[in-house]
Amino acid sequence: MREPRVGVLMTGHSHGVDSAGGAQHRRRLTAVLVVTGAVMVVEVVAALVSGSLALAADAGHMFTDVAAIGIALTAMTIAERRTTSRSTFGLYRLEIFAAAVNAVILLAVAAFVVWTAVRRLDDPPEVGSGLMIAVAVLGLAANAGSLWWLREGQRESLNVRGAYLEVLGDLLGSAAVIVAGVVIATTGEQVADPVASLVVALLIVPRTWALLREAVTILLEATPSGTDLDHVRRHIVGVEGVLDVHDLHIWTISSGRPVMSAHVVVEDAWLGHSGEVLDMLQHCLAAHFDVDHCTFQVEPPGHAAHEAPTHP
């Protein structure tokens, strides 16, 4: 039997989550909110004057962006409040609820635009292509700037990623409106307007569906994508003094906040040094799997037989 070696590895237990990027994410989203809101107002006025459905669709998409980013900012602010006895993990999960709501809104807008565009295909109204092109170019430039501003944060926060995808859809939509305006100006084919609006709607759906699926996965507390539980189990059992692991769970509270809990069976000789075992386990998980919030129940051999049958 291996003898315990006191002081093999001592690291502080980390049970907090790093929210240093939260303020930066909020600043980015606020800047995008201001720019998108301003462009949306211009597009609404231009759509009414020119009669362009494609421009109206893009303005409608921007309206959902403004609402979605507003929801996201509110959720992020509330989520960073301190934990309470009723919310022991804090309110980080509100970010995911907001992302799911954003996705549902976007899918509804896409369905409405498709329905309206199909009705216009047979008898498209005449639109003012010059104003249509000018405003779409303004929208394209604004969206490009917003994408650049959000490019880093979208890798770290699901809410920021949702805003990033929405702005990307806006950028592609503005490009489609520009193309439609050029076609109308050069050929007189008014059908280009509803066709462009269909393109805008179809560009929204795949990315929005992916966002909704990821948000639902987190809400259902499923194992994070790309996480191999058997691989995690092998690493835990590889820690000195550990015989087995069971009741292993890994889930996500919010973007970039994975959490893990497990029952760890420890050799009798190591039971008196459970603090050191916990330090080694914590270090192993943080180093190999980027999981900082880990909860371990250290057990002697045979203890599993006394646990409730509901434990997996």
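Scanning the stretch 199-237 for residues that are open to solvent by less than 60 Å² (accessible area, probe 1.4 Å) and of a type in the set (Gly, Ala, Ser) yields ALA201, ALA210, ALA215, ALA222.
Looking at the stretch 126-150, which of its residues are over 37 Å from the mean Cα position of the chain (by Cα) and either open to solvent by less than 50 Å² (accessible area, probe 1.4 Å) or modelled with pLDDT of 85 or more (or both)?
Once the filter is applied, which keeps residues that are over 37 Å from the mean Cα position of the chain (by Cα) and either open to solvent by less than 50 Å² (accessible area, probe 1.4 Å) or modelled with pLDDT of 85 or more (or both), the stretch 126-150 yields VAL127, GLY128, GLY130.
Restricted to the stretch 249-271, and to residues there that are of a type in the set (Gly, Ala, Ser) and modelled with pLDDT of 80 or more, the residue that is farthest from PRO301 (Cα to Cα) is SER261. Kindly indicate whether any position in the stretch 173-188 is under 21 Å from VAL104 (Cβ atoms) and surrounded by 18 or more Cβ atoms within 10 Å (Cβ to Cβ). Taking every residue of the stretch 173-188 in turn, at least one turns out to be under 21 Å from VAL104 (Cβ atoms) and surrounded by 18 or more Cβ atoms within 10 Å (Cβ to Cβ).
The values are calculated or read from the model by the stated rules, or taken from the named source; none is laboratory data. None of the values given here were measured: they were computed from a predicted structure. No Cβ is skipped: glycine too gets one built from the backbone with ideal geometry, and neighbour counts run over all protein chains shown. To get the accessible areas, we keep the full protein, side chains included, count just its heavy atoms, and leave off ligands, DNA and RNA. Shrake-Rupley method; radii C 1.70, N 1.55, O 1.52, S 1.80 Å.
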